[in-house]
Amino acid sequence: IAKQSGKNRYHLFDAANDLRARSHHELLQQIRHGLAHGEFELYYQPKVEMSTGRLVGVEALIRWHHPTRGFLLPDEFLRVIENTELEIELGDWVFSQAFQQLQRWRQAGEDFEVSINASAYHLQSANFVPKLKSLMGHYCAQTCRRCVQIEVLETAALDDIARVSAIIKSCHEFGVGFALDDFGTGYSSLTYLSNLDVDTLKIDQSFVRGMLEDKGDHAIVQGIIALAKAFDRDIVAEGVENDAHYQALLQMGCEVGQGYGIARPMPAGDLIEWSEHWKPSKTTLGEA
Ligand code: C2E
Ligand code: MG
Ligand code: MG
Ligand code: MG
């Protein structure tokens, strides 16, 4: 009996695996189809200089208008294409869209930066640097220095510091900047920062979320800000969800913030109007 139930369990497990493999395959097909049929869209989330409310940059974030499942966030589909050719295809699509949008904003007289997320696999793929250089040549003025910034997860950059550092160096030559995303979640030793010439550190939102209640998180946020200043890097706080976060970060000397408390990611077409109307109130700034 024991043997038989063991065998049944095995069958069940097998069936579940099979189902998973099939839905995985189906999702890959749907992504390919969606890419060819315009189902993806980039949303943009503002980054503001917190003392003034000035829009200094936007982060491009991918969204999927799935024909049957509705509006999907990246966590629901990026994982399945990790380390595959499709990840590079989708990544290339994101880059090309973001550059076209940047050009439209420039033509409308806007001067904020555009940040684009790159996966570790895309960043380290064979033609990443030349493709990016060609986008810069095609869409950006000669004078555009650091008007495009690439966000790489801290954990991804730590994969192969020498390699990533060489990529950053080449991209700096044609004006593209780099940010370490979700900073603070990656590694306990920070000495690697002196070998990695990133322009910006983005404090991970988990620390911002915890910093008002948790002394440890508060110390980490303060530590990252001090580190950024010591290494002469820019700093952006992610996950600024409310006035209390906003004020605490300002007080700690963090200049730029991004989060639902400022604005949620939005379609490109909504951004200018948003920036014309948004300003931190006295309550947000803690002056009321
Ligand atoms: P990320 O690069 O760290 O982007 C920030 C994420 O936090 C976004 O989620 C954003 O909507 C969310 N967020 C912003 N402010 C707040 C806040 O105040 N509270 C909370 N709880 N969340 C906030 P999203 O758009 O779902 O993206 C998730 C992750 O997917 C991104 O994290 C990034 O790693 C990845 N991703 C998004 N778009 C792309 C893309 O085009 N290419 C690549 N390779 N990865 C992408
Ligand atoms: Mg990011
Ligand atoms: Mg992040
Ligand atoms: Mg993240």
Qualifying position, being more than 16 Å from ligand 3 (Cβ to nearest atom) and either touching a residue at least 12 places away in the same chain (Cβ under 8 Å) or under 20 Å from Asp232 (Cα atoms) (or both), among Phe178, Phe174: Phe174
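Of a type outside the set (Val, Ile, Thr), within 30 Å of Ala126 (Cβ to Cβ) and without any contact (Cβ under 8 Å) to a residue 12 or more places away in the chain: does that describe Glu213?
Details: of a type outside the set (Val, Ile, Thr): yes; within 30 Å of Ala126 (Cβ to Cβ): no; without any contact (Cβ under 8 Å) to a residue 12 or more places away in the chain: yes.
Considered against the rule, which asks whether it is of a type outside the set (Val, Ile, Thr), within 30 Å of Ala126 (Cβ to Cβ) and without any contact (Cβ under 8 Å) to a residue 12 or more places away in the chain, Glu213 comes out as no.
Among the strands (runs of 3 or more DSSP E) lying completely within the stretch 9-84, list those that include at least 3 residues that are surrounded by 11 or more Cβ atoms within 10 Å (Cβ to Cβ) and within 16 Å of the chain's Cα centre (by Cα).
40-49, 55-66
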Any pair with Cβ under 6 angstrom, 6 or more apart, that starts in the stretch 97-118 at a residue that is under 13 Å from Tyr43 (Cβ atoms) and ends at one that is among the charged types (D, E, K, R) and not in a helix (DSSP H, G or I): Ser115/Glu59; Ser115/Glu151; Asn117/Glu151
Residues satisfying the stated conditions in the stretch 85-96, i.e. in contact (Cβ under 8 Å) with a residue 40 or more places away in the chain and away from ligand 4 (no atom under 16 Å from the Cβ): Leu86, Glu89, Leu90, Trp93, Phe95
Selection within the stretch 36-54 - more than 15 Å from ligand 1 (Cβ to nearest atom) and more than 14 Å from Glu238 (Cα to Cα): Ala36, His37, Gly38, Ser51, Thr52, Gly53, Arg54
Any hit, the stretch 269-287, residues being touching a strand residue (DSSP E or B) at 6+ places or on another chain (Cβ under 8 Å), small (Gly, Ala, Ser) and in a strand (DSSP E or B): no
Every residue from the stretch 191-242 that is among the polar types (S, T, N, Q), within 16 Å of ligand 2 (Cβ to nearest atom) and under 23 Å from Ile161 (Cβ atoms): Thr200
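Residue-by-condition table, conditions (1) exposed (fewer than 14 other Cβ atoms within 10 Å of the Cβ); (2) away from ligand 1 (no atom under 16 Å from the Cβ); (3) on the phi > 0 side of the Ramachandran plot:
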{"position": "Ala141", "(1), (2), (3)": "yes, yes, no"}
{"position": "Ala156", "(1), (2), (3)": "no, no, no"}
{"position": "Ala162", "(1), (2), (3)": "yes, yes, no"}
{"position": "Ala166", "(1), (2), (3)": "yes, yes, no"}
{"position": "Asp182", "(1), (2), (3)": "no, no, yes"}
From the options Gly257, Gly239, Gly186, residue that is surrounded by 16 or more Cβ atoms within 10 Å (Cβ to Cβ) and touching a Lys or Arg at 6+ places or on another chain (Cβ under 6 Å): Gly239
Some residue of the stretch 230-243 being among the basic types (Lys, Arg) and touching a residue at least 24 places away in the same chain (Cβ under 8 Å): yes
Pair list, Cβ < 9 Å and 6+ apart or interchain, from the stretch 45-74 residues that are more than 19 Å from Thr200 (Cβ to Cβ) to residues that are open to solvent by less than 30 Å² (accessible area, probe 1.4 Å) and among the basic types (Lys, Arg): Phe71/Arg63; Leu72/Arg63; Leu73/Arg63; Pro74/Arg63
Of residues in the stretch 91-121 being part of a strand (DSSP E or B) and under 13 Å from the mean Cα position of the chain (by Cα), the one farthest from Glu151 (Cα to Cα): Val114
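The values are calculated or read from the model by the stated rules, or taken from the named source; none is laboratory data. Keep in mind it's a predicted model, so treat the numbers as computed, not measured. Neighbour counts run over all protein chains shown; Cβ positions are idealised from the backbone, glycine included. Side chains included, ligands, DNA and RNA excluded: accessible areas come from the protein's heavy atoms. Shrake-Rupley method; radii C 1.70, N 1.55, O 1.52, S 1.80 Å.
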